[in-house]
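Written out below as structure tokens is the structure these notes cover.
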Amino acid sequence: MLILGIETSCDETAAAVVQDGKKILSNVVFSQVEIHRKYGGVVPEIASRHHLERIGEIVQEAIDTAGVKFADLDGVAVTYGPGLIGSLLVGISIAKSICFVHGMPLLPVNHLEGHIEVLWLGQEEIPLPGLALVVSGGHTTLCATSGPGDYKLLAKTRDDAAGEAFDKVAKLLGLGYPGGPVIDRLAKRGNPKAVPLPVARMSDGSLDFSFSGIKTAVLRYVQAQEISPHRGDPDTAPQAILDLLASFQSTVIENLLVRVRKAARRERSASVLVSGGVACNSLLRERFQDLADQEGFSFHCPPPGLSLDNAAMVAAVGGRLLREGHTADLDLNAVPNLGFGI
Ligand code: KG4
Ligand code: ZN
């Protein structure tokens, strides 16, 4: 079974071909990060224009690299939500065109399911039931899963996503966009205990996340200590900024860890899966592995190229949808606020 996946929900224009729900034959990603950097974040109108300019060649490259022809495909999977409406519509339109021309099924994919199901593309055995945490620029979502396609929502963020907090703190300190990779690198040289920051707890006992409090605490600290945004090369940032970054990063990760520990005990989870852009974070990977060793569950995380937005994850879900007979009509529309889990 050959599935073409197409992903354009945010600022990555991506296409991939996956064989039999396991083998990635091609995985082409054009990141618009450089384009959005000068605005300090993704500009939706610019994102959709660039998707439109690039999508044709990216899809062709995915097909050529995989060494297949459009007619060989068994279906086209496309992200239809959640995401930016103009961006989503570019991917949906090209997916529909291919399906119409070649008379093949259109497979409607939820972006968050893609982030999780990319883990089943790997060769690792994942013990079940599991917990899946998606941590990206747009989402912080925790669910219980008994396997691909079964997701019980346990918690989500009540305000900012974890990646959004990384991006906002980096912007505040003059370190550019996106914030995650630069904070990951600089925090290695800082003291994570230097600045006490709050670990949010919900008074109603829910496992929901909240990151706006940490972001505000960083802002207050910067104002109180009169720390100016750093100009020039981020690697020359002063020690006060490095310490603040290390403290911020470790607090965000602590926020994730306490909830995952609680949920894993409650759900008797045999595994924890973490995916999405923030799952690239080196401290996060270390701390989750430590937690897994202490608590006795296995920890699974995709390699960085499959943690960030990509289309192999979309094709992975598409293969399952096709097996389940879950196809869409050619009037499929984008659903920017598409929900997730039950
Ligand atoms: O999954 P993704 O590519 O896009 C969304 O679906 O949002 O995630 C992008 C997010 C950005 O907020 C970026 O700052 C964050 O992932 N990120 C990281 C790291 N690499 C990317 N956050 C922390 N540490 C990293 N190494
Ligand atoms: Zn994503």
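The values are calculated or read from the model by the stated rules, or taken from the named source; none is laboratory data. Bear in mind the structure is a predicted one, so any value in this text is a computation, not a measurement. Cβ coordinates were reconstructed from backbone atoms using ideal geometry, including for glycine residues, and neighbour counts include every protein chain displayed.
Considering every residue within segment 227-236, establish whether at least one is within 16 Å of ligand 1 (Cβ to nearest atom), in contact (Cβ under 8 Å) with a residue 24 or more places away in the chain and more than 30 Å from S9 (Cα to Cα).
Checking segment 227-236: at least one residue is within 16 Å of ligand 1 (Cβ to nearest atom), in contact (Cβ under 8 Å) with a residue 24 or more places away in the chain and more than 30 Å from S9 (Cα to Cα).
Before we move on, is V260 in contact (Cβ under 8 Å) with a residue 12 or more places away in the chain and in a helix (DSSP H, G or I)?
yes
Give me the residue from segment 14-35 that is touching a residue at least 60 places away in the same chain (Cβ under 8 Å) and surrounded by 20 or more Cβ atoms within 10 Å (Cβ to Cβ) and, out of that set, farthest from ligand 1 (Cβ to nearest atom).
Ranking the candidates gives V17 first.
Within segment 93-149, count every residue that is more than 16 Å from ligand 2 (Cβ to nearest atom) and in a helix (DSSP H, G or I).
Residues flagged as more than 16 Å from ligand 2 (Cβ to nearest atom) and in a helix (DSSP H, G or I) within segment 93-149 amount to 11.
Collect the residues in segment 159-215 that are of a type in the set (D, E) and touching a Lys or Arg at 6+ places or on another chain (Cβ under 8 Å), keeping them in residue-number order.
Scanning segment 159-215 gives D160, D208.
Can you find even one residue in segment 267-281 that is away from ligand 1 (no atom under 16 Å from the Cβ), assigned to a helix (DSSP H, G or I) and assigned by TED's automatic domain parsing to the domain that holds T141?
yes
Report, by residue number, each residue of segment 286-317 that is exposed (fewer than 14 other Cβ atoms within 10 Å of the Cβ), within 16 Å of ligand 2 (Cβ to nearest atom) and either at positive phi or outside any helix (DSSP H, G or I) (or both).
Listed by number, the list holds a single entry, P303.
Could you look through segment 71-88, keep only residues that are surrounded by fewer than 18 Cβ atoms within 10 Å (Cβ to Cβ) and in contact (Cβ under 8 Å) with a residue 60 or more places away in the chain, and pick out the one that is nearest to G137 (Cα to Cα)?
I85
Report whether or not I183 is touching a residue at least 60 places away in the same chain (Cβ under 8 Å), hydrophobic (A, V, I, L, M, F, W, C), crowded, with 24+ Cβ neighbours inside 10 Å and touching a Phe, Trp or Tyr at 6+ places or on another chain (Cβ under 7 Å).
yes
Could you please find all residues in segment 74-133 being hydroxyl-bearing (S, T, Y) and more than 28 Å from P303 (Cβ to Cβ)?
Residues satisfying the conditions are S93, S97.
Is it the case that F248 is of a type in the set (F, W, Y) and within 16 Å of ligand 1 (Cβ to nearest atom)?
Yes.
Considering only residues of segment 142-191 that are under 25 Å from E117 (Cα atoms) and among the basic types (K, R), which is farthest from ligand 1 (Cβ to nearest atom)?
K152
Could you list, in sequence order, all residues of segment 48-70 that are surrounded by fewer than 20 Cβ atoms within 10 Å (Cβ to Cβ) and touching a Phe, Trp or Tyr at 6+ places or on another chain (Cβ under 6 Å)?
Hit for segment 48-70 is R54, nothing else.
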